[in-house]
Amino acid sequence: MSESSGIRSVQRVDARHRYEILVDGRRAGLAAYRDRGAQRVFFHTEVDDAFAGRGLGAELVQAALADARESGRRVVPVCPYVAKFLKRHEEFADITDPVTPDVLGRLEEELR
């Protein structure tokens, strides 16, 4: 089995406000969010160094955005990685809202 292979899955973990990508059952990365009304505000994405360079970040964000769409949510890309992903994937433009000072202020309050 090559280093880039392995069984991958993405799951939403509502209790921890994040999506996780698992490789062979081991958490390899996460995309953290907070819900604000109909919006899902993504504020942090990370992939463990041991799994870097395998495209897991893109796979994770793609699945998270698809799930947000399926759940009837709009997305707000506070996280720079999610924002960059959205610029390259216009198929999510219809569910993307801008980052505003109000969103940032409320997010900061929640994360304290």
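A 1.4 Å probe run over the chain, with the rest of the protein chains in place, finds 58 Å² accessible per residue. Relative to the dominant Cα principal axis of the chain, helix 101-111 is inclined by about 60°. Result for the chain in a Gaussian network model with C-alpha springs under 10 Å: among Val75, Val47, Val61, the largest mean-square fluctuation is at Val47.
What is the magnitude of the charge dipole of segment 67-112 about its Cα centre, with +1 placed on the Cβ of each Lys and Arg, -1 on the Cβ of each Asp and Glu, and no other charges, expressed in debye to the nearest 20?
On the way: 8 positive and 10 negative charges, 33 e Å.
Taking the Cα centre of segment 67-112 as origin, the dipole is about 160 debye.
Taking the accessible area of the chain, probe 1.4 Å, and keeping the other protein chains in place, the carbon and sulfur fraction comes to 49%. Each Lys or Arg adds one and each Asp or Glu takes one away; over the other residues whose Cβ falls under 15 Å from the Cβ of Val10, this sums to +1. Each Lys and Arg Cβ is given +1 and each Asp and Glu Cβ -1; about its Cα centre, the chain then shows a dipole of about 80 debye.
Within a Cβ distance under 11 Å of Ser71, other residues only, what is the Lys/Arg minus Asp/Glu net charge? Write down the numbers at each step before the final one.
On the way: positive: Arg12, Arg40, Arg69, Arg73, Arg74; negative: Asp14, Asp35, Asp67, Glu70.
After counting each charged neighbour, the total is +1.
Extents of segment 25-77, largest first, come to 35, 19, 18 Å (Cα atoms, principal axes, whole angstrom). Scaling against 2.2 N^0.38 Å puts the C-alpha radius of gyration of segment 1-106 at 1.06.
The values are calculated or read from the model by the stated rules, or taken from the named source; none is laboratory data. Source: prediction; values computed, not measured. Neighbour counts run over all protein chains shown; Cβ positions are idealised from the backbone, glycine included. Accessible surface is based on the protein model in full, side chains and every heavy atom, while ligands, DNA and RNA are left aside. Shrake-Rupley method; radii C 1.70, N 1.55, O 1.52, S 1.80 Å.
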